[in-house]
1. Would you mention how many residues in the range 77-101 are over 19 Å from the mean Cα position of the chain (by Cα) and either at pLDDT 90 or above or of a type outside the set (Ser, Thr, Tyr) (or both)?
2. Any idea which of Ile32, Ile21 is crowded, with 16+ Cβ neighbours inside 10 Å and of a type in the set (Val, Ile, Thr)?
3. Which of the residues that make up the range 108-130 are hydrophobic (A, V, I, L, M, F, W, C) and not in a loop (DSSP other than H, G, I, E, B)?
4. What is the residue count in the range 35-83 for residues that are among the charged types (D, E, K, R) and loosely packed, with under 13 Cβ neighbours inside 10 Å?
5. Identify the single condition in (1) without any contact (Cβ under 8 Å) to a residue 24 or more places away in the chain; (2) part of a loop (DSSP other than H, G, I, E, B) that Leu85 does not satisfy, given that it satisfies every other one.
6. List pairs: first in the range 16-33 and part of a loop (DSSP other than H, G, I, E, B), second β-branched (Val, Ile, Thr), Cβ under 6 Å, 6+ apart or cross-chain?
7. Would the range 39-52 turn up any residue that is hydroxyl-bearing (Ser, Thr, Tyr) and part of a loop (DSSP other than H, G, I, E, B)?
8. What are the residues in the range 1-41 that are of a type in the set (A, V, I, L, M) and within 25 Å of Pro118 (Cα to Cα), if any?
Amino acid sequence: MFIEPMLLQKADKPFNDSKYICEWKQDGWRMIVSKWNGQLKLYSRHHNDFTSVFKEFQDIEIPDNTIIDCELIAVDEQGKCNFELLQNQYRSKHRTAPLQLVAFDILYNEEKDVRRKPLMERKQLLKQVI
């Protein structure tokens, strides 16, 4: 099952508000990891199915009927995200750099839509799930 992810929002100026948190922006591709009715799928934010492209992630252990919002990154020799390296790994038949999924939100948990829960509650739930 695919859920369209919430995308970045532009702000005209910096702000400081206790209702918000700040997280590092990973330099990769947005991925929705969905395990629905026992079938694991990886989708881009544009609803493209990348499951067969990134076979190394087909054994992810998450509960059935769960959807997680992630960023797919490639890690270079210095341990940093490298977008160009990710693009090269995508095109390569033999990957030479490690790819990682960085999970940052949970949208469904065991068939329950949790998107209306406060973000910090979802973060705690995500920690329990993965």
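1. Initial filter on the range 77-101 (over 19 Å from the mean Cα position of the chain (by Cα)): 77-78, 88, 91-96.
Of the ones still in play, those that are also either at pLDDT 90 or above or of a type outside the set (Ser, Thr, Tyr) (or both) are 77-78, 88, 91, 93-95.
Total satisfying the criteria: 7.
2. Values: Ile21 fails: crowded, with 16+ Cβ neighbours inside 10 Å.
When all the criteria are applied, what remains is Ile32.
3. So the first thing to find is which residues in the range 108-130 are hydrophobic (A, V, I, L, M, F, W, C), and the list is 114, 119-120, 125-126, 129-130.
Hits for the range 108-130 are Leu119, Met120, Leu125, Leu126, Val129.
4. Our first condition is that a residue be among the charged types (D, E, K, R); within the range 35-83, this holds for 35, 41, 45, 49, 55-56, 59, 61, 64, 69, 71, 76-77, 80.
Next, from what is left, pick out any that are loosely packed, with under 13 Cβ neighbours inside 10 Å: 49, 55-56, 59, 61, 64, 77, 80.
Residues in the range 35-83 being among the charged types (D, E, K, R) and loosely packed, with under 13 Cβ neighbours inside 10 Å: 8 in total.
5. Leu85 satisfies all of (1) without any contact (Cβ under 8 Å) to a residue 24 or more places away in the chain; (2) part of a loop (DSSP other than H, G, I, E, B) except (2).
6. Close Cβ pairs satisfying both conditions: Gln26/Ile73; Gln26/Val102; Gly28/Ile73.
7. Among the residues of the range 39-52, at least one is hydroxyl-bearing (Ser, Thr, Tyr) and part of a loop (DSSP other than H, G, I, E, B), which makes the answer yes.
8. As a first pass, look at the range 1-41 and keep what is of a type in the set (A, V, I, L, M): 1, 3, 6-8, 11, 21, 31-33, 40.
Once the filter is applied, which keeps residues that are of a type in the set (A, V, I, L, M) and within 25 Å of Pro118 (Cα to Cα), the range 1-41 yields Met1, Ile3, Met6, Leu7, Leu8, Ala11, Ile21, Met31, Ile32, Val33.
The values are calculated or read from the model by the stated rules, or taken from the named source; none is laboratory data. Everything quoted here is computed from the prediction, not taken from an experiment. All Cβ positions, even for glycine, are placed from backbone atoms using ideal geometry, and neighbour counts span all protein chains on display.
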